[in-house]
Amino acid sequence: MKEIGGFFPYEKAMPTENHYAQRVCPDAGDIRHLMSGRCAIYLCLKDSMLTDTRRVAYLPAYTCETVSGCFVKGGYQIYYYDVDEHMVPLFDENLISKISFLLICGYYGFTTFDTGFVKRCRKNGVTVMQDTTHTAFSMEATCPDTDYVAVSLRKWMGVTSGGLAFKRSGTFHVTLLPPDEKHLAIRDHALQARRGYEAGGDTALQKEGYDAFWEAEWMLREIFDIQEGDAQSLNAIRHYPLDEAIQKRRENYAYLLEHLPDNPAIRPVFPVLSGDACPMFFPFLCDDRQPLMDFLAANDIAPKVYWPVPPFIEIADFPHAQYVYAHIMSISCDQRYTLEDMQRVVDTFAAFGSHM
């Protein structure tokens with residue numbers, strides 16, 4: 001039985017372009033394709049640093065190490081804001097006068113931040129960047145009160161270089177570095193192996209793909225800067241079957257919402273699928289996460305935990321985010337899977353409930 005979940009293989013492209021960049025940020029003054037999402041974030045930071053002499057950032061306490069790591073690498077002083085169990089940021093108005101840079105984002109396909117706070121930051125001269133990595137296929141317009149937008153599309157499709165950076169007004173004034181060919185070759189190996197596994201179920205290819213994937217991930221943590229992406233990946237992004245993927249993800253998410261057994265100890269984070277959301281994963285808050293994750297993995301459903309607590313955050317200072325880190329997990333509901341696959345997920349959750 002093949003795994004539900006795991007990283008994406010190379011996928012079939014469309015003959016026509018999807019105009020993704022124009023749909024995401026139609027008024028962008030400049031767009032750059034980079035090797036990764038963290039490269040895209042770092043490009044936006046380096047461009048902002050040309051004029052931002054204060055370099056004081058306000059970031060979500062619930063975030064990826066690679067996001068906050070960009071700001072650490074850039075030498076920013078960092079404040080964090082807490083995020084509640086529904087992924088809603090708990091902004092501190094008193095910090096607006098202290099910060100020079102605000103990072104906002106959605107989670108798992110859903111936009112949750114207060115746009116009024118963003119406007120007040122902009123009015124006070126704060127530079128704003130939106131990280132749309134978790135909302136990359138959610139086709140509501142990006143927040144208009146932003147200076148930069150960054151995204152990692154490797155979380156949504158099979159590409160070796162998935163970073164895009166948008167500058168709302170004007171052009172980027174930082175010169176990109178060439179891509180790291182060794183890193184891209186390892187990623188290509190991972191995607192090729194994953195494609196072979198998903199096509200034929202060869203578990204040796206599954207392991208080979210995961211080994212290469214993590215080799216590339218750990219390498220990227222060491223080498224990331226503002227490396228440009230490769231032409232093949234950019235072409236794949238432009239010709240990706242975007243509308244089909246959005247439709248399948250929404251159908252799969254809706255099916256799970258309707259059919260998953262009720263269990264107060266395993267609660268969907270987003271129990272309503274809004275009209276403009278495209279789910280990244282299906283996230284849950286679990287009273288006791290590990291037994292469920294072990295049960296899913298034993299039934300070839302790969303659970304995800306985004307993320308471990310970054311080493312830069314004193315997480316005890318942010319009790320809501322601390323709870324999320326300790327209790328959240330998610331499963332895949334992406335375009336690779338059918339409603340029959342989602343029923344297999346439902347059956348596995350039901351079996352777990354009866355097992356407990």
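Taking the Cβ-Cβ separation of Lys12 and Gln77 as r and a Förster radius of 35 Å, what is the calculated FRET efficiency to the nearest 0.05? If you can, show how the numbers build up before the last one.
Working: r = 46 Å, r/R0 = 1.32.
So, using R0 = 35 Å, E works out to roughly 0.15.
Note that the chain shows a convex hull volume over its alpha carbon atoms of 130 Å³ per residue.
Between Arg54 and Trp218, full extension at 0.36 nm per residue minus the direct alpha carbon distance yields a gain of 55.9 nm.
Please work out how much length the chain gains when fully extended from Ala326 to Ser97, using 0.36 nm per residue of separation minus the C-alpha to C-alpha distance, in nm with one decimal.
Working: separation 229, 0.36 × 229 = 82.44 nm, distance 3.20 nm.
Contour length minus Cα-Cα distance gives 79.2 nm.
What does the net charge come to around Leu234 if you take all other residues with beta carbon closer than 12 Å to its beta carbon, with K and R at +1 and D and E at -1?
Details: positive: Arg32, Arg238; negative: Glu17, Glu228, Asp230.
The answer is -1.
Straight-line reach from Lys207: which lysines have a Cα under 16 Å away, not including same-chain ones fewer than 8 places off? Output for Lys207: Lys2.
Straight-line cross-link partners of Lys12 among the aspartates and glutamates, defined as a Cα under 16 Å from its Cα and at least 8 positions apart when in the same chain: Asp188, Glu198, Asp243, Glu244, Asp334. Largest GNM mean-square fluctuation among Ala57, Ala199, Ala216, using the chain with Cα springs under 10 Å: Ala199.
Dividing the summed -39500 (n - 2.57) terms of all DSSP H runs of n ≥ 4 by the residue count of the chain sets its mean residue ellipticity at 222 nm at -12000 deg cm²/dmol.
Peptides 33-44, 286-297 ranked from most to least packed give 33-44, 286-297, packing being the mean of other C-beta atoms within 10 angstrom over each peptide's residues. Between the listed residues Pro9, Ala326, Cys44, the Cα displaced farthest toward the positive end of the dipole of the chain, a dipole computed from Cβ unit charges relative to the Cα centre, is found at Cys44.
What is the range 130-289 by shape, rounded, prolate or oblate, if you read a ≥ b ≥ c off the alpha carbon gyration tensor as root eigenvalues and call it rounded for a/c under 1.5, prolate for a/b larger than b/c, and oblate otherwise? In terms of gyration-tensor shape, oblate. Rg and Dmax of the range 226-356, both derived from C-alpha coordinates alone, stand at 17.0, 50 Å.
Peptide packing for 64-73, 254-263, 344-353 was compared via the average number of neighbouring C-beta atoms within 10 Å per residue; ordered from the highest value, the list is 64-73, 344-353, 254-263.
For Ala302, put the label point 7 Å out on the Cα→Cβ axis and report which residues of the range 184-203 keep their amide N under 11 Å from it. Counting backbone N atoms under 11 Å from the label point, the list is 191, 194-195, 197-198.
Once C-alpha pairs closer than 8 Å and six or more residues apart are averaged by separation and normalised to the residue number of the range 1-83, the relative contact order reads 25 percent.
Net charge within 11 Å of Asp147 by Cβ-Cβ distance, Lys/Arg positive one each and Asp/Glu negative one each, not counting Asp147 itself? Please report the intermediate quantities before stating the final value.
On the way: positive: Arg122, Lys167, Arg168; negative: Asp47, Asp52, Asp145.
Taking every Cβ under 11 Å from that of Asp147, the sum is 0.
Measuring between alpha carbons in the structure, the pairs from Lys73/Lys182; Lys46/Lys119; Lys98/Lys182; Lys46/Lys182; Lys46/Lys123 lying more than 31 angstrom apart are Lys98/Lys182. Local charge for Phe110 was computed over the other residues whose Cβ lies under 11 Å away, with Lys and Arg +1 and Asp and Glu -1, and equals -2.
Classify the range 20-167 as rounded, prolate or oblate, taking a ≥ b ≥ c as the square roots of the eigenvalues of its Cα gyration tensor: rounded when a/c is under 1.5, otherwise prolate if a/b is larger than b/c and oblate if not. Taking the square roots of the gyration eigenvalues as a ≥ b ≥ c, the range 20-167 is rounded. Given the C-alpha centroids of the range 205-269 and the range 293-356, what is the distance between them in whole angstrom? Cα centroid of the range 205-269 versus Cα centroid of the range 293-356: 14 Å apart.
Readers should treat all values here as calculations from the given coordinates under stated rules, not as data from a laboratory. Not measured: the values here are computed from a predicted model. Glycine also receives a Cβ, built like all others from the backbone with ideal geometry; neighbour counts cover every protein chain displayed.
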